[in-house]
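Since the structure comes first, as structure tokens, the remarks are kept for the end.
The values are calculated or read from the model by the stated rules, or taken from the named source; none is laboratory data. Please read these numbers as outputs of a predicted model, since none were measured by experiment. Positions of Cβ are backbone-derived with ideal geometry, glycine not excepted, and every protein chain shown enters the neighbour counts.
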Amino acid sequence: MKKYFIYTFGCKVNQYESQLISENFKKNNFERALKPEEADVIILNSCTVTAKADKECQYFIRKLSKLSRKPKITLTGCLVKNKNVSLSKMFPNIEIVTDKTTLFNDSQKQTVSGFDKHSRVFLKIQDGCDSFCSYCIVPRVRNVLWSKPENEVISEIINLVKTGCSEIVLTGIHVGKYKGGLSVLVEKIVQIDLDFRIRISSIEMNEIDDKLIELMKANPNKICRHLHIPLQSGSEKILKEMNRKYSKKNFEEKILEIIKALPDLALTTDVIAGFPGETEKHHKETCDFVKKLPFAGFHIFRYSDREGTKASQFKNKVPSTEIKNRAKDLFEIDLIKRKIFLSNNLETKRKAVKIGVNKALTDNYIRVETDTPEISKIFETKITENSKI
């Protein structure tokens, strides 16, 4: 029997789509290889959100090309849709698949049957973005807005739960643009009479409506106490240059409103260090802003030019050494925030699901050590000093 191997780079949507590709290979009588050296076919599901992501994928292609077995290498994903990268010239001996859906069993009906017995899984409910933040290449490589029909979302959740999944992460490229309203969908999901919970993937501040907050408040066992709300900068001027759709005041008011309704919520965010034109004053404004808001942790990105974006044409680029230093400042604040959040939760009991050997994830996004044998159930655990966020 022939074997396949999949490398997945980037976001949760890519993880979900890799599962679709995997199931299609299995339906065509392929066996999943445990390591690339054993595979006849290797698929790289790429990301192009940063220059680092591009380089990482290209490194893997070069490495795989040296395998003695000489597998067929197929490259798909966002990198191949980035017209600024000449992949066919760089790698003439690999197959490049621009339309990833041709690797699915059914490109029209994108649903998975399971996630290889994992208790925590991703469910793609939306695709595409048309926001055009000035630094972001994503609207140029995933520009078609798509939403999975409600009935398919509901039936897929029921099937995943029956196969042993206990936490389902609702994900998309811009999940808040779910057609018909995310809160309307969530309201129907929480009515499913099965033992599971959902976690909402990254969502924009101005797409969190009152109904969603009320649903989270009323359904603590069905909706995780965690929201990831991207900030990107704490400088009013830089937010405008980034083409973000809110002011600092709007953002702060919304965050405090959410925390007032859900005081035990884990609130995480994204911050970009070194955006073009960002001065030391702007950087300090960002540091001061994230310090005062009740974040439990950050994802920190060093700005990198994406050719074709508006920001790539901006002048006054920040030197790479300075970007590194500013990112370091943010990491130090992030570390303090994480310690405070863990300290506030120490010795409390939370509901969790297994995410690996002796590891579990609580509803409020804390990773704990556990010796429970339960794989497919939600269980109660205590947060200890060994826990992390």
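Kindly indicate whether Leu215 is over 21 Å from Tyr365 (Cβ atoms) and surrounded by 14 or more Cβ atoms within 10 Å (Cβ to Cβ). Answer is no for this residue. Taking (1) under 19 Å from Lys100 (Cβ atoms); (2) surrounded by 15 or more Cβ atoms within 10 Å (Cβ to Cβ); (3) β-branched (Val, Ile, Thr) in turn, Ile189 satisfies each apart from (1).
Output the residue which, of all residues in segment 97-115 that are out of contact with any Ser or Thr (no Cβ under 6 Å at 6 or more places or on another chain) and aliphatic (A, V, I, L, M), is nearest to Lys70 (Cα to Cα).
The extreme case among them is Leu103.
When Ser134, Ser147, Ser119, Ser113 are checked against the criterion of being small (Gly, Ala, Ser), under 22 Å from the mean Cα position of the chain (by Cα) and under 20 Å from Val49 (Cβ atoms), Ser134 stands alone in meeting it. The set of residues in segment 192-211 being part of a helix (DSSP H, G or I) and surrounded by fewer than 17 Cβ atoms within 10 Å (Cβ to Cβ) consists of Asn206, Asp210, Lys211.
Going through segment 126-146 one residue at a time, which ones are without any contact (Cβ under 8 Å) to a residue 40 or more places away in the chain and buried (at least 19 other Cβ atoms within 10 Å of the Cβ)? Residues satisfying the conditions do not exist here.
You will find that of Thr279, Thr268, the residue that is under 19 Å from Lys248 (Cα atoms), of a type outside the set (A, V, I, L, M), modelled with pLDDT of 95 or more and touching a His at 6+ places or on another chain (Cβ under 7 Å) is Thr268 and no other. Candidates in segment 134-149 are the residues that are polar (S, T, N, Q) and assigned to a loop (DSSP other than H, G, I, E, B); of these, the one that is modelled with the highest pLDDT is Ser134. When each of Phe331, Phe275 is tested for being under 21 Å from Ile229 (Cβ atoms), in contact with a helix residue (DSSP H, G or I) (Cβ under 9 Å, 6 or more places away or on another chain) and not charged (D, E, K, R), the lone residue that passes is Phe275. Among the criteria (1) aliphatic (A, V, I, L, M); (2) at pLDDT 95 or above; (3) part of a strand (DSSP E or B), the one Ile333 does not fulfil is (3).
Quick one: in segment 150-186, of everything that is in a loop (DSSP other than H, G, I, E, B) and more than 21 Å from the chain's Cα centre (by Cα), which residue is surrounded by the fewest Cβ atoms within 10 Å (Cβ to Cβ)? Ranking the candidates gives Gly180 first. Which one is surrounded by the fewest Cβ atoms within 10 Å (Cβ to Cβ) among residues in segment 318-344 that are in the same structural domain as Tyr135 (by TED's automatic domain parsing) and among the polar types (S, T, N, Q)? Going through the qualifying residues, I end up with Thr321. A search for C-beta distances below 9 Å between a residue of segment 256-285 that is at positive phi and any residue that is of a type in the set (Val, Ile, Thr) and not in a helix (DSSP H, G or I), counting only pairs 6+ apart in sequence or on different chains, returns Gly274/Val318; Gly277/Val318. Mind checking which residues of segment 330-369 are farther than 26 Å from Phe196 by Cα and among the aliphatic types (A, V, I, L, M)? Selection gives Leu330, Ile333, Leu335, Ile336, Ile340.
Listed here are the residues, each with its yes/no results for (1) crowded, with 20+ Cβ neighbours inside 10 Å; (2) of a type in the set (Gly, Ala, Ser).
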residue	(1), (2)
Arg225	yes, no
Ser235	yes, yes
Arg244	yes, no
Phe251	yes, no
Ile259	no, no
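Of Leu67, Leu87, Leu145, all but one fail to be touching an Asp or Glu at 6+ places or on another chain (Cβ under 9 Å) and either outside the structural domain of Lys222 (by TED's automatic domain parsing) or polar (S, T, N, Q) (or both); the exception is Leu67. Considering Lys310, Lys377, Lys354, the condition of being of a type outside the set (S, T, N, Q), touching a residue at least 24 places away in the same chain (Cβ under 8 Å) and buried (at least 17 other Cβ atoms within 10 Å of the Cβ) is satisfied by Lys354 alone.
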